1. Based on the Cβ-Cβ distance from Ala34 to Leu7, what FRET efficiency comes out when R0 is 22 Å, to the nearest 0.05?
2. Could you report the chain's accessible area per residue, 1.4 Å probe, as an integer in Å²?
3. Give me the angle, in degrees from 0 to 90, between the Cα long axis of helix 55-64 and the longest principal axis of the Cα atoms of the chain, rounded to the nearest 10.
4. Quick one: Debye curve from the C-alpha atoms of the chain, no solvent, what's log10 I(q)/I(0) at q = 0.11, 0.14, 0.28 Å⁻¹?
5. So what's the angle, to the nearest 10 degrees on a 0 to 90 scale, between helix 3-17 and the longest Cα principal axis of the chain?
6. Hey, any idea what % of the chain's accessible area is carbon plus sulfur with a 1.4 Å probe?
Amino acid sequence: SGVGRALMKAIGRAAKTRGCGSVSLNVIHSNRNASFFDQLGFTHQDDLLSYRLDANALANISETAK
């Protein structure tokens, strides 16, 4: 429907206006449409690792980090 491309154009314009040198995003491995980002010119960054705290870990760290 073109919503993704329109959103990425808006992000690109906002980044350019703000003087950003790049735009980064995270895509889940199971995303069947990940090639869409390749088509836009995004490149996969093998040197980056993505980390996440789930709800339990977040609760634990927020209680122990005092």
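1. 0.90
2. Per-residue accessible area for the chain comes out at 95 Å².
3. Once rounded, the angle reads 50 degrees.
4. Taken in order of the listed q values, log10 I(q)/I(0) reads -0.44, -0.65, -1.29.
5. Compared with the principal axis, the helix lies near 90 degrees.
6. Here it works out to 53 percent.
The values are calculated or read from the model by the stated rules, or taken from the named source; none is laboratory data. No experiment lies behind these values; they were computed from the predicted model shown. Methodologically, a virtual Cβ is constructed for each residue, glycine included, from the backbone with ideal geometry; neighbour enumeration extends over all protein chains shown. The area values use the complete protein model at the heavy-atom level, side chains included, leaving out ligands, DNA and RNA. Shrake-Rupley method; radii C 1.70, N 1.55, O 1.52, S 1.80 Å.
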